[in-house]
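So the structure is just underneath, and the comments pick up after that.
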Protein chains: 2
Amino acid sequence: MKIATWNVNSIRTRLEQVINWLGENSVDVLCLQETKVIDKDFPLNPFTELGYYPYIYGQKAYNGVALISRQPLEDVSMGFTAVLPDLDPQWDEQKRVISGVIDGVRIVNLYVPNGSAIGSEKYEYKLGWLKVLREYLQTLLLSNPEICMCGDFNIALEDIDINDKVKIENHIMASESERQALRDILSLGFADAFRKFNNEGGNYSWWDYRTAAFKRNLGWRIDHHYLTPVVYERAQSCIIDIEPRKLEKPSDHAPVIVEF
Amino acid sequence: MKIATWNVNSIRTRLEQVINWLGENSVDVLCLQETKVIDKDFPLNPFTELGYYPYIYGQKAYNGVALISRQPLEDVSMGFTAVLPDLDPQWDEQKRVISGVIDGVRIVNLYVPNGSAIGSEKYEYKLGWLKVLREYLQTLLLSNPEICMCGDFNIALEDIDINDKVKIENHIMASESERQALRDILSLGFADAFRKFNNEGGNYSWWDYRTAAFKRNLGWRIDHHYLTPVVYERAQSCIIDIEPRKLEKPSDHAPVIVEF
DNA sequence: GTTAGGCCTG
DNA sequence: CAGGCCTAAC
């Protein structure tokens, strides 16, 4: 089973690239982030014509996630509140969470808030959001021990995940509070699929559009697949496909594919 | 001597097309309209690198004209008030007029207001603007008997200049008042270079972006070269080059080239 | 409808 | 630098 995660930075702008990629990389589930489109305007047909089942959870202009699955998913769930009914529904105003089950594995597709600048209101939102995510996963784990949690985490857990031109000290996506919040989540029983196979630096999944960052490989590894033990043991590979980042008008993120 | 006029609908968006065209069509002066950029942001280098001298007169977002000349121009003049010092300077808030002399011929490059809808405030502005233009030309003619007045006139003088899908009756760009205003100007001693060589219909210089107008050749001939007698007599050709209109992301206007 | 620029966000 | 939204223009 192959699961891919890809922040496409607008599905409508990236549609042709995503469809081409899906044609050449026949993954079982493609997890999209930053679709940036309300559900009624999501381009479903190109995916159904390829034989995929799209499950979408979007909003206008910002955020938005989707699961594109080669077979129908079971128990698809949009947002936090579907799993945490007592949660303040404000946490679902931003569409950042969608999940569904395939072959007994729950795929949790996340677009973690970026956080803007350390100490900002958005940073506090990010930390709060990660606390909610932990509760959400705790609940899911009760009925779904096999989870592949993937997406754009906007967090690089280790310094090796960040190019060394960056002053990591107190940098958004690398600050201690957000790293600790993510570690708290992983402590529920998740492990990084990519690091099962690769302990090298220089492997990134996101490169800023500015300052020719991709050409100089000044990237960050912030798109992840985190697996619960049984799935982690089964995992056979996890790779970052940087080819789409080389195209004209690319997303700033590259897809990451795990096989288990 | 070859003079071209081209409403490029943003020089920054069309830069590559314009530079390519200029490389393949080595005109002596290229008159641009709707550059849509303030002078400090006008891309001068691509033109100077081709050996051209750019003279620019622009504003933010709207209008803007430029003369791109293979040799330095003499007596370059921006706006109406440079020639009509007593004129209300409000007439130069919109950057629509630039002129300069080459080999004794004054090139007057114009972007005539579109006028929006008949009877609208913008329509009245167009008619007023054309009256000012007449005064401007009268003054210029005192010292420059040889004039090539060209640009986007946003007026089709004859029904033959308009595709027959258009209800010409009271259509902007074809109404009697604006046609009469233009005829009043031409009566100063200008003749249409294009009609010296071609009396056929179906020759257009502008096609609406909508309704696949170009594919169906539903255009208008609204970009003109008007010449004073000596220049008119010397004129050897006047053609509309529709090739650029076929490109991806074209301007809605095609260049018109006169040779004299 | 189609294309622009400008603004705001990442 | 690259999104989408807004507005204006044609």
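Numbers for the structure displayed
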{"quantity": "Flag if B:ASP92 is away from DNA strand D (no atom under 16 Å from the Cβ), without any contact (Cβ under 8 Å) to a residue 40 or more places away in the chain and open to solvent by 40 Å² or more (accessible area, probe 1.4 Å)", "calculated": "no"}
{"quantity": "Qualifying residue in region B:127-144 (condition: closer than 21 Å to B:LYS2 by Cβ and assigned to a strand (DSSP E or B))", "calculated": "no"}
{"quantity": "Some residue of region B:177-197 being more than 25 Å from B:ASN144 (Cβ to Cβ), assigned to a loop (DSSP other than H, G, I, E, B) and within 16 Å of the chain's Cα centre (by Cα)", "calculated": "no"}
{"quantity": "Filter pass, A:LEU84 being more than 14 Å from chain B (Cβ to nearest Cβ), surrounded by fewer than 20 Cβ atoms within 10 Å (Cβ to Cβ) and touching a Pro at 6+ places or on another chain (Cβ under 6 Å)", "calculated": "no"}
{"quantity": "Close pairs (6 angstrom Cβ cut-off, 6 or more residues apart or separate chains): touching a residue at least 24 places away in the same chain (Cβ under 8 Å) and away from DNA strand C (no atom under 12 Å from the Cβ) in region B:2-19, assigned to a helix (DSSP H, G or I) and open to solvent by 10 Å² or more (accessible area, probe 1.4 Å) anywhere", "calculated": "B:ILE19/B:PRO46"}
{"quantity": "Some residue of region A:207-218 being in contact with a strand residue (DSSP E or B) (Cβ under 7 Å, 6 or more places away or on another chain) and either more than 16 Å from DNA strand D (Cβ to nearest atom) or within 14 Å of another protein chain (Cβ to nearest Cβ) (or both)", "calculated": "no"}
{"quantity": "The lone exception for B:GLU200 - which of (1) part of a loop (DSSP other than H, G, I, E, B); (2) touching a Lys or Arg at 6+ places or on another chain (Cβ under 6 Å) it fails", "calculated": "(2)"}
{"quantity": "Among the residues listed as B:LYS60, B:LYS2, B:LYS36, the single one being open to solvent by less than 60 Å² (accessible area, probe 1.4 Å) and of a type in the set (D, E, K, R)", "calculated": "B:LYS36"}
{"quantity": "Residue within region B:239-248 that is closer than 19 Å to B:ASP28 by Cα, open to solvent by less than 50 Å² (accessible area, probe 1.4 Å) and either within 14 Å of chain A (Cβ to nearest Cβ) or not in a loop (DSSP other than H, G, I, E, B) (or both) present", "calculated": "yes"}
{"quantity": "Residue in region A:5-33 that is nearest to the other protein chains (Cβ to nearest Cβ), counting only those that are out of contact with any Lys or Arg (no Cβ under 9 Å at 6 or more places or on another chain) and surrounded by fewer than 20 Cβ atoms within 10 Å (Cβ to Cβ)", "calculated": "A:GLU16"}
{"quantity": "Filter pass, A:ILE147 being touching a Ser or Thr at 6+ places or on another chain (Cβ under 6 Å), touching a residue at least 60 places away in the same chain (Cβ under 8 Å) and within 23 Å of A:ARG221 (Cβ to Cβ)", "calculated": "yes"}
{"quantity": "Hey, B:ILE222 among the β-branched types (Val, Ile, Thr), away from every other protein chain (no Cβ under 14 Å), within 16 Å of DNA strand D (Cβ to nearest atom) and buried (at least 18 other Cβ atoms within 10 Å of the Cβ) or not", "calculated": "yes"}
{"quantity": "Count of region B:99-126 residues which are part of a strand (DSSP E or B) and farther than 19 Å from B:ILE222 by Cβ", "calculated": "6"}
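Okay, residues lined up against (1) at pLDDT 95 or above; (2) in a loop (DSSP other than H, G, I, E, B); (3) farther than 19 Å from B:ASP152 by Cα; (4) not polar (S, T, N, Q):
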site: B:LYS40; (1), (2), (3), (4): no, no, yes, yes
site: B:TYR55; (1), (2), (3), (4): yes, no, no, yes
site: B:ASP75; (1), (2), (3), (4): yes, no, yes, yes
site: B:PRO85; (1), (2), (3), (4): yes, yes, yes, yes
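The values are calculated or read from the model by the stated rules, or taken from the named source; none is laboratory data. These numbers were taken from a predicted model, which means no experiment stands behind them. Note that we place each Cβ from the backbone using ideal geometry, even for glycine, and neighbour counts take in every protein chain shown. Note: accessible area is taken over every heavy atom of the protein model, side chains too, but ligands, DNA and RNA are not part of it. Shrake-Rupley method; radii C 1.70, N 1.55, O 1.52, S 1.80 Å.
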